[in-house]
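Read the structure below first, then the notes.
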Amino acid sequence: MTTTESEIETVAKPLIDEATLDRLMAQVETEGLELLGPDGVLTDLTSRIMNRAMEAELTDHLGYESGDPAGQGSGNNRNGTSAKTVLTDAGAVPVSVPRDRNGEFEPKLVPKHARRLEGFNEIVLSLISRGMTTRDVQAHLAAAYKVEISAELISKITNRPVPLPSDTEVARRRGFDLLG
């Protein structure tokens with residue numbers, strides 16, 4: 001079976017169209033903006049997308065849009081936001097986590113008390129497994145991601161227990177059936 005150009009275009013269609021990307025890159029160039037780093041365009045874009053996604057989560061939780069009269073007298077309303085910085089694969093990203101009056105809202109994108117999103121611990125473990133010391137990892141994360149974390153946190157990440165497969169799981173992977 002061969003793949004046509006139209007099939008490739010539908011599969012590989014970019015999320016941001018070329019015209020939007022061109023306008024953004026022109027703005028970066030004309031205004032002398034940073035693309036990467038804590039004040040960079042990518043950090044801002046990531047932050048804004050995460051904030052919008054969490055607002056959508058809160059809307060889903062409450063059952064009505066912001067400003068909708070249906071929310072009046074509903075027993076639970078929006079109650080501002082809490083500022084938080086989360087460590088992502090793209091670096092430290094500031095977010096505004098929305099709250100509800102009853103304190104029942106549990107965001108899925110940035111769970112309560114979470115400071116690191118998926119992938120961060122794996123980066124630390126990967127660097128350690130390559131022979132870097134905790135201080136080396138600390139310096140690398142500061143240089144590459146503009147993230148200041150303590151050597152103690154790195155130690156906690158690397159010292160967490162890693163579950164090993166059971167004998168039954170090892171046997172199953174090798175094609176043996178221990179149960180009969």
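The values are calculated or read from the model by the stated rules, or taken from the named source; none is laboratory data. Everything quoted here is computed from the prediction, not taken from an experiment. So basically every Cβ, Gly included, is an ideal-geometry build from the backbone, and we count neighbours across all protein chains shown.
For this structure, a couple of remarks:
- Residue match in region 50-57 (condition: within 23 Å of the chain's Cα centre (by Cα), of a type in the set (G, A, S) and in a helix (DSSP H, G or I)): yes
- From T88, T134, residue being closer than 25 Å to I16 by Cβ and surrounded by 14 or more Cβ atoms within 10 Å (Cβ to Cβ): T88
- Pairs with Cβ under 6 Å, 6+ apart, first in region 63-76 and closer than 15 Å to A53 by Cα, second acidic (D, E): none
- Every condition in (1) in contact with a Ser or Thr (Cβ under 6 Å, 6 or more places away or on another chain); (2) assigned to a strand (DSSP E or B) is met by I128 except one, and the failing one is (2).
- Number of residues in region 32-73 that are surrounded by 14 or more Cβ atoms within 10 Å (Cβ to Cβ) and in contact with a Phe, Trp or Tyr (Cβ under 6 Å, 6 or more places away or on another chain) equals 3.
Rundown of residues vs (1) among the basic types (K, R); (2) assigned by TED's automatic domain parsing to the domain that holds N77; (3) within 20 Å of T43 (Cβ to Cβ); (4) under 15 Å from the mean Cα position of the chain (by Cα), yes/no style:
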{"residue": "G103", "(1), (2), (3), (4)": "no, yes, no, no"}
{"residue": "K112", "(1), (2), (3), (4)": "yes, yes, no, yes"}
{"residue": "L127", "(1), (2), (3), (4)": "no, no, no, no"}
{"residue": "T134", "(1), (2), (3), (4)": "no, no, no, no"}
{"residue": "V137", "(1), (2), (3), (4)": "no, no, no, no"}
{"residue": "A142", "(1), (2), (3), (4)": "no, no, yes, no"}
{"residue": "I149", "(1), (2), (3), (4)": "no, no, yes, no"}
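- Among residues of region 44-66 being in contact with a helix residue (DSSP H, G or I) (Cβ under 9 Å, 6 or more places away or on another chain) and within 15 Å of N102 (Cα to Cα), the one that is modelled with the lowest pLDDT is G63.
- The set of residues in region 91-120 that are within 18 Å of E148 (Cα to Cα) and surrounded by 16 or more Cβ atoms within 10 Å (Cβ to Cβ) comprises G91, A92, V93, V95, R116, L117, F120.
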